[in-house]
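Below is one structure; the comments refer to it alone.
The values are calculated or read from the model by the stated rules, or taken from the named source; none is laboratory data. Please read these numbers as outputs of a predicted model, since none were measured by experiment. Note that we place each Cβ from the backbone using ideal geometry, even for glycine, and neighbour counts take in every protein chain shown. All accessible areas refer to the heavy atoms of the entire protein, side chains included, with ligands and DNA or RNA removed. Shrake-Rupley method; radii C 1.70, N 1.55, O 1.52, S 1.80 Å.
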Amino acid sequence: MPYPTHPHLRLDSSRALGGNIINGWRAYNLTSDRQSGLGAWSDAELAQYLSTGHADGHGTATGDMADVVGHSLRYLSAPDIHAMVVYLRSIPPLHTAEDALERTTPPAGDAALPQNTRGARLYASTCAGCHMADGTGRQSSFATITGARSLGADNGRNLVQVLVQGSGMQTATGVQIMPHFVGGGLSDRDLADIASFVMTHFTTATPHNMEQAVQDAKRAN
Ligand code: HEC
């Protein structure tokens, strides 16, 4: 007789790696699902993210993950990083539809920003100094937001968290600082419009209730 397994127990233990909400941030799905997990990342991209906090085309660690990389993972040896990549690869895919999907990025290099929406104009005046019109970082690839997972979730949770809290990470080339935009003259609607603009301009996400998301993020902090 086959050993009886408990289906719910199995589901629950794998759900733990399907991501969760922690301190208002979404900890991403680490399973090998191609759309909601890490299945579309190459081994090299995973290793780059774990060891530096940034992977080209996928984004930069923020929030608690920035601390984990900045204070700990970046000191690991290459074989240890490799072992972690091998482990992550071994996690069976679990699709989580609710948040943070990998999105195909529209063709980059769109140097001319549209000026026809409030969000686009605010991005040009508030963000493009560091993130450039085409979403690439001015000083380093840490500030490249094209392809960032935080832009690809329809509720923009981590994007809004970054705008409300800012983010900072220790790297081999110094501290990378993303400023926060609370109390600096931008209204909740301004932040919502900026968030909606970057989501639709740089990814195929469909923002909804962004002003509410900004208010929720402010309340949570
Ligand atoms: C003073 C420079 C600066 C300005 C101004 C700035 N950023 Fe950033 N931003 C950064 C840097 C550097 C990072 C990466 C470091 C980090 O996240 O700790 C970053 C990270 C981000 C991330 C996280 C990327 C990811 O992969 O998840 C998002 C989203 C973002 N910025 C959006 C914006 C938006 C929208 C604005 C305008 C409201 C803005 N930033 C203004 C420098 C800046």
| query | Does segment 12-66 hold any residues that are open to solvent by less than 40 Å² (accessible area, probe 1.4 Å) and of a type in the set (Phe, Trp, Tyr), and which are they? | reply | TRP25, TRP41, TYR49
| message | Take ARG157 and tell me if it is open to solvent by 20 Å² or more (accessible area, probe 1.4 Å) and not hydroxyl-bearing (Ser, Thr, Tyr). | response | yes
| query | Residues in segment 199-214: is at least one touching a helix residue (DSSP H, G or I) at 6+ places or on another chain (Cβ under 7 Å), within 10 Å of the ligand (Cβ to nearest atom) and closer than 17 Å to GLY119 by Cβ? | reply | yes
| task | Among the candidates THR171, THR144, THR126, single out the residue that is modelled with pLDDT of 90 or more, buried (at least 21 other Cβ atoms within 10 Å of the Cβ) and near the ligand (Cβ under 9 Å from one of its atoms). | result | THR144
| remark: GLY70 vs (1) out of contact with any strand residue (DSSP E or B) (no Cβ under 8 Å at 6 or more places or on another chain); (2) surrounded by fewer than 20 Cβ atoms within 10 Å (Cβ to Cβ): all pass except (1)
